[in-house]
Amino acid sequence: MKTVTRLAAGFAASAMLLSMTACGDDKKVLESTKEDKTVVMTVAGHDVPLELYRYVALNYKRTYEIGKSPDIWLGESGTALIEELNADVEDSIVTLYATLAMCEEYGISADDAYITDALDLTMDAIYEEYDYDYKTYADAIAQYNMNDSVYRFIMRNELLAEELLNALIAAGKITADDESLQKVFDSDEFIRVKQILVSNEYLAFNEYGGSDEELHARAEELLGMVKNGGDFDELVQKHGQDLFMFNNDDGYYFAKGHLDKAFEDAAFDLDIGEVSDIVKTSAGYSILKRYEKDPAYIEKNFEVLGTEYIDGCYNLEVEAYAETLTVEAT
């Protein structure tokens with residue numbers, strides 16, 4: 001999923017896969033410190049504590065550093081990168097709080113009993129996985145720059161997001177019936193694309209070197225192969241680094257709001273059969289080609305595609321609302 005809320009939940013779920021070794025059951029280890037609770041900014045009147053800001057910032061920092069030199073934060077280019085990082089962090093935090101603010105507009109309160117009860121049940125199930133060994137649980141999620149308070153915030157936002165999605169559907173903001181979905185799938189709002197990806201994750205391991213410049217040079221080399229008549233599908237399988245594309249003749253079927261924005265913008269600019277220039281995304285460098293949609297594939301995967309489309313619409317609604325919110329640094 002594209003939203004930070006769902007991405008954050010993914011980090012949290014991954015943390016639960018870590019080993020569980022009994023070493024204590026004192027729940028006090030879960031309490032946030034006074035420093036953790038320090039307010040660093042406000043979004044639509046809601047206080048944002050340092051612990052949540054730190055979680056988002058450090059995970060973005062980790063993503064930025066994949067396959068790169070430790071020196072990327074130095075010099076003029078480092079200063080520009082820090083500004084870019086700060087903007088991403090702020091946007092992500094505002095999106096998280098946009099869910100909370102939108103819920104309030106639709107009469108959904110984070111303090112409603114069914115939300116708080118569901119959250120308590122969710123967290124208790126997680127603690128139970130650790131045999132209520134709170135120290136081990138806290139150590140596990142700390143590897144994802146998270147503490148218990150942040151984890152609870154993310155899980156609560158997930159519960160609120162489900163309620164908000166239902167409210168948006170009920171209000172007619174999001175289409176969810178099969179007939180309307182089929183019309184979307186038949187239209188140019190919904191497209192099919194394949195990509196040749198030169199991935200950030202391979203920077204430190206591939207034969208083409210570890211710098212961003214070398215990564216881009218490799219993408220240029222592959223684009224040259226395409227322009228010189230190379231078979232796009234063969235190049236995807238032989239040289240692409242998108243695991244989703246391996247042995248996958250279908251590619252991506254999607255509407256806006258579900259994937260990386262740069263990827264989506266480039267894809268929707270293409271006509272069927274057209275190949276893009278090199279596109280920089282959060283995953284690396286991509287070369288895209290738009291394909292004709294297969295009605296049989298859509299029919300077979302209608303339910304999954306419908307869910308993804310609805311999720312994308314939800315993301316767009318929240319992102320648009322986030323742009324209207326007032327943000328103040330403290």
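The values are calculated or read from the model by the stated rules, or taken from the named source; none is laboratory data. Just so we're clear, the structure is a prediction, and the values are computed from it rather than from any experiment. Cβ placement follows ideal geometry from the backbone for every residue including glycine, while neighbour counts extend to all protein chains displayed. All accessible areas refer to the heavy atoms of the entire protein, side chains included, with ligands and DNA or RNA removed. Shrake-Rupley method; radii C 1.70, N 1.55, O 1.52, S 1.80 Å.
Residues whose amide H falls under 5 Å from that of SER109, counting only those 5 or more places apart or on a different chain, are absent, with hydrogens built in the peptide plane.
To one decimal place, what Kirkwood hydrodynamic radius in Å is obtained for segment 51-119 from all pairs of distinct Cα atoms?
Numbers: mean 1/r = 0.0697 Å⁻¹.
Kirkwood hydrodynamic radius for segment 51-119: 14.4 Å.
The charge dipole of segment 143-274, taken about its Cα centre with unit charges on the Cβ atoms of Lys, Arg (+1), Asp and Glu (-1) only, comes to about 420 debye.
Express the carbon and sulfur contribution to the solvent-accessible surface of the chain as a percent, rounded to the nearest whole number, probe 1.4 angstrom.
50
Our helix-only sum for the chain, with -39,500 (n - 2.57) per DSSP H run of n ≥ 4 divided by its residues, gives a mean residue ellipticity at 222 nm of -17500 deg cm²/dmol.
Test of the criteria: in segment 248-330, which GluC sites (Glu not before Pro) are in a DSSP loop and have at most 14 other Cβ atoms within 10 angstrom of their Cβ? Could you put the intermediate results ahead of the total?
On the way: sites: GLU264, GLU274, GLU292, GLU299, GLU303, GLU308, GLU317, GLU319, GLU323, GLU328; in loops: GLU274, GLU292, GLU323.
Qualifying residues, ordered by number: GLU274, GLU292, GLU323.
Annotation: Cα Rg of segment 104-155 relative to the compact-globule expectation 2.2 N^0.38 Å equals 1.31. Per residue, the convex hull around the alpha carbon atoms of segment 213-321 comes to 113 Å³. In this rough spin-label picture, where each label sits 7 Å from Cα along the Cβ direction, the LYS261-GLN143 distance is 3.3 nm. For the chain, what log10 I(q)/I(0) values come out of the Debye formula at q = 0.16 1/Å, with one point per alpha carbon and no solvent? Taking Cα atoms of the chain as identical point scatterers yields -1.45. Placing a label point 7 Å from the Cα of THR324 along the Cα-to-Cβ direction, the residues of segment 86-126 whose backbone N falls under 18 Å from that point are 94-109. Close amide H partners of TYR291, meaning residues 5 or more places away or on another chain with modelled amide H under 5 Å apart, are ARG192, VAL193, LYS194, GLY273. Three semi-axes describe the equivalent ellipsoid of segment 49-207; taken as square roots of 5 times the Cα gyration tensor eigenvalues and ordered largest first, they are 32, 28, 17 Å. Accessible surface computed residue by residue for the chain, with neighbouring protein chains in place and a 1.4 Å probe, gives 52 Å² per residue. Under 5 Å from the amide H of LYS68 lies no amide H of any residue 5 or more positions distant or on a separate chain, with H modelled from the backbone and absent for Pro and chain starts. If the segment from SER211 to GLU105 were pulled out straight at 0.36 nm per residue, it would be longer than the present Cα-Cα gap by 33.5 nm.
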